[in-house]
Amino acid sequence: MSPRPFCSLPSRALGALLLPLALSGCGTLLPPAWIIGQQRTMITDHQHFDNAPIPASRQPVPLPTAPEALTLPAAPDGGELGPWLEQQGTVALIVLRDGRIVHEQYFAGRQRDTLLTSFSVAKSVVALLLGQAIRDGHIRGVDDPVTRYLPELERQDPRFAQVRLRDLLAMRSGIAFQEKYSSPWSDVAVFYLTKDLGRAVAGLKIAEPPDQRYRYSSGDTQLLGMAIERATGRRLSQQVAQDLWTPMGASMDASWSVDSAVLGQARAFCCLNARALDFARIGQLMLDRGRVGPRQVVPAAWIDTLLTVQTYPGDDAAAQRNIELPGRPEAAFYTGQWRRLPQGPLEMRPDPASGRDPATLVPGTDFYAQGQHGQYIYVAPQQRTVVVRLGTDRRPGTWWPGVLGRIARSGLDGTEPVVEALSAR
């Protein structure tokens, strides 16, 4: 699933672990003082990285405000949701309904123009850029081997030629990658802190043939992002600016964190930094199947592909349908760098014993992008609603999709807090 804090070790212990790693040259990782001091990743980490700019659209289109504000549902304790959200570490909550702002709220001193990082929400944006690269003929299709665009991988190990872009998109690459957030020695920590992502990628190894199983891997998205950059001849930040921010009419500057100012390689798996309202525009783009006004920004068929629950090889229902957290109430289908909820109830703090047999799960209507510490772009198509939540995640047990799904259904007569079954389009 999405990342937890890198570690909760005392800073002295963390430094003792990081220093030998740095001296070994592994991933060119140096122990930056800021991560030792923080002892964890934070939504302000972009302030410590080199960042590639993403200028606002030259013709910004303000999001309209609805004449009536949304009445939020009650908190899990029965009280008001606003104070509860703040206690949970929320710094921004945006709700769009029919493309209009019905709720906009900031906490902890943040404002409309506050730049915040998205962590793994960036993965979902990379998936959109892949669809545009295929549309424009830079990439032939998802069945292309990754080595067509990153031939150095085949020189590392000929087996990389078996890994297709579709395997990376579905997190089924078979590439060894330690997605362990409690260890500064893990691959994800090295990728997050290195000043040379190319060197870090050169250390990747094949663990098994592709398409054998789902295994969440930031390394898969990093390779996707690098392949897109190589194929298009443009940095991810340039593509977002020209192909998303401009047609969406994004009104504020953004950025994408890179490994270093010299190399400029985007941390594709984690680090798109933007304002909450512009993250909401991405959700609206998904809700409208890639269209902004009269313009088809991302092919509608590609949006459908990203959100379709596929059938894969596997020994059981969870493996065959890329189900995360099988058997738990928080189970979700991992599709094309997005997640789709199964049909069923939306609980803010679900009973761990209320999980269902993965074989009985039916794809639901709602889907979302998710990042570390509770970053979400949540889309409820039947309610024509987008909810963005940014912040930290302070209390275990809160299921943010349940919270956001209830918000998406608030104020609609006759709507129950349940994700509807997805009917054939």
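The residue that is farthest from Cys271 (Cα to Cα), counting only those in segment 342-373 that are under 15 Å from the mean Cα position of the chain (by Cα) and modelled with pLDDT of 95 or more, is Phe367. For segment 222-243, a residue qualifies if it is out of contact with any strand residue (DSSP E or B) (no Cβ under 7 Å at 6 or more places or on another chain) and under 17 Å from Thr117 (Cα atoms), and exactly one does: Gln222. Scanning segment 180-192 for residues that are more than 23 Å from Asp50 (Cα to Cα) and charged (D, E, K, R) gives a single hit, Lys180.
All conditions but one from (1) on the phi < 0 side of the Ramachandran plot; (2) out of contact with any Asp or Glu (no Cβ under 9 Å at 6 or more places or on another chain); (3) surrounded by 17 or more Cβ atoms within 10 Å (Cβ to Cβ) apply to Arg339; the one that does not is (2).
Within segment 217-238, one or more residues are acidic (Asp, Glu) and touching a Phe, Trp or Tyr at 6+ places or on another chain (Cβ under 8 Å).
Restricting attention to segment 106-126, the residues being aliphatic (A, V, I, L, M) and either in a loop (DSSP other than H, G, I, E, B) or free of Cβ contacts under 8 Å to residues at least 60 places away in the same chain (or both) number 2.
Answer yes or no as to whether Gln132 is crowded, with 20+ Cβ neighbours inside 10 Å, over 23 Å from Glu324 (Cβ atoms) and in contact with a Leu (Cβ under 9 Å, 6 or more places away or on another chain).
yes
Comparison of Gly219, Gly283 shows that the only residue that is touching a residue at least 40 places away in the same chain (Cβ under 8 Å), crowded, with 19+ Cβ neighbours inside 10 Å and farther than 17 Å from Leu169 by Cβ is Gly283. Picking from residues in segment 64-84 that are touching a residue at least 40 places away in the same chain (Cβ under 8 Å) and not β-branched (Val, Ile, Thr), the one that is surrounded by the most Cβ atoms within 10 Å (Cβ to Cβ) is Leu81.
The values are calculated or read from the model by the stated rules, or taken from the named source; none is laboratory data. Please read these numbers as outputs of a predicted model, since none were measured by experiment. With ideal geometry, Cβ positions are generated from the backbone for all residues, glycine too; neighbour counts draw on all protein chains shown.
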